[in-house]
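Report on the structure given below.
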């Protein structure tokens with residue numbers, strides 16, 4: 001069996017359009033064209049179950065493209081029209097590869113536990129279950145003890161990791177006892193950001209790291225007209241970056257200052 005022909009995805013054996021193109025000596029765009037032609041003629045639900053479009057990164061140019069994951073049924077339908085002696089040989093190899101992968105997948109699944117056949121086996125099973133429950137309870141108590149010991153030592157970083165929302169610079173500045181204006185100037189002095197049309201934007205080396213998110217804010221001008229302005233908010237990844245940058249400048253979050261004083 002050629003292990004590269006078939007693999008496991010979403011707990012089922014599949015191949016993909018790239019592999020089919022390579023094995024049958026076809027251009028990938030032609031295989032994609034054949035698949036899309038099939039999808040136009042079959043039931044939509046069946047097509048979704050057996051032809052799953054998924055992105056992949058080209059190893060040579062690093063760009064994102066799309067390929068299809070094919071189940072055994074999807075593969076069979078696709079190659080049904082491929083003819084020739086070599087094509088037939090490849091079809092046989094694929095059929096065997098799907099069969100072997102199915103066997104491997106089934107062998108990994110745990111067998112259903114057998115029921116006790118008599119009173120002794122039932123009693124032993126009950127004792128084992130009680131011991132398992134007691135071990136879980138002991139582990140739970142130990143974990144609660146660890147959490148209780150760690151709880152007073154939670155830091156500003158823990159608060160960042162516990163949140164998923166974006167926040168404005170004023171909110172972050174408040175955590176350090178600063179004003180938003182002051183923190184923006186600190187980041188400007190650190191060559192992190194600069195101002196464009198009233199909006200602070202990151203320098204190019206930071207723009208693609210997921211630190212910020214921009215959204216539009218509507219406002220009313222003094223003449224009564226509506227205006228739109230972009231506003232920069234920081235992601236939690238960006239907050240961690242700012243925390244590390246400010247720590248290097250000996251600017252500590254208020255939460256960490258209180259914890260430090262409490263431990264003295």
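The values are calculated or read from the model by the stated rules, or taken from the named source; none is laboratory data. Every value quoted in this text rests on a predicted model; they were computed, and no experiment measured them. Cβ: placed from backbone, ideal geometry, glycine included. Neighbour counts: every protein chain shown.
Would you say residue 229 is modelled with pLDDT under 75 and in the same structural domain as residue 189 (by TED's automatic domain parsing)?
In short, yes.
Within the bounds of the stretch 4-18, is there any residue that is part of a helix (DSSP H, G or I) and at pLDDT 90 or above?
yes
Quick grid of which residues meet (1) touching a strand residue (DSSP E or B) at 6+ places or on another chain (Cβ under 9 Å); (2) assigned to a loop (DSSP other than H, G, I, E, B); (3) at pLDDT below 90:
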residue	(1), (2), (3)
65	yes, no, no
68	yes, no, no
105	yes, no, yes
117	no, yes, yes
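I'd like the full set of residues that are out of contact with any helix residue (DSSP H, G or I) (no Cβ under 6 Å at 6 or more places or on another chain), modelled with pLDDT of 85 or more and not in a loop (DSSP other than H, G, I, E, B), limited to the stretch 186-203.
186, 187, 188, 189, 194, 202
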